Each structure stands twice: as C-alpha cells, then as structure tokens.
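Reading through the structure tokens given below for one structure.
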Amino acid sequence: MLAHALGVIEKTRYEIEFQGAYWEIDVFAGAYLGLETAEIELADPDHWLLMPPWLGPEISGNPHYSNRGLALKSARSALRLREVG
C-alpha cells in the first residue's frame with residue numbers, strides 16, 4: 001500500500017456561511033491542485049437545505065475523494081485533474 005501512496009495531502013480548509021449553514025471548503029494544493037470540495041454536517045439528514053450556487057456534483061460515498069483514496073496514486077488519474085506547470 002505504501003508503494004502506491006502520494007504522501008502528504010496538501011489542503012487549506014475554510015469555513016463559509018451560506019443561508020445560516022456552515023460549509024467546510026477544502027482547497028487542495030500539490031498533487032491535487034485544482035480540486036476543491038465542500039462538506040456540511042447536518043444533525044438531521046432529512047433537513048431541507050438551500051444549496052449554494054457554487055456547489056458542484058455530489059461526491060459523498062465516492063471512495064476516490066476519501067482521505068485514503070486521495071493518498072493513493074491511482075486517485076489522481078481517476079479524478080482526471082489537469083497537470084499544472
């Protein structure tokens with residue numbers, strides 16, 4: 001497993017309020033430059049929530065976006081992130 005690891009996952013986390021709800025936004029650097037994810041924790045999963053206009057597709061449950069998945073070299077090609085530089 002270690003042979004497939006990228007090493008450190010570089011990201012900066014921001015907290016943003018939208019319509020009374022607090023979202024955690026992760027902006028990635030390094031191997032995942034260009035990847036940004038948004039997460040919100042709800043006490044009640046059936047709670048109706050107005051989604052921000054900047055929100056992208058749902059990735060909950062997608063193993064490529066878990067910390068473990070991002071630590072694997074194969075995740076980069078699976079996510080099709082563009083090369084920078």
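What follows draws every value from the coordinates through simple rules; no lab data is involved. Owing to the predicted nature of the structure, the values given are computational and were not obtained by experimental measurement. Counting neighbours? That spans all protein chains shown, and the Cβs are built from the backbone with ideal geometry, glycine included.
What to note about this one:
- Scanning the range 19-41 for residues that are surrounded by fewer than 16 Cβ atoms within 10 Å (Cβ to Cβ) and small (Gly, Ala, Ser), we see that the one that is nearest to Leu72 (Cα to Cα) is Gly30.
- One residue alone among Leu33, Leu55 is under 16 Å from the mean Cα position of the chain (by Cα), of a type in the set (A, V, I, L, M, F, W, C) and under 24 Å from Val8 (Cα atoms), and that residue is Leu33.
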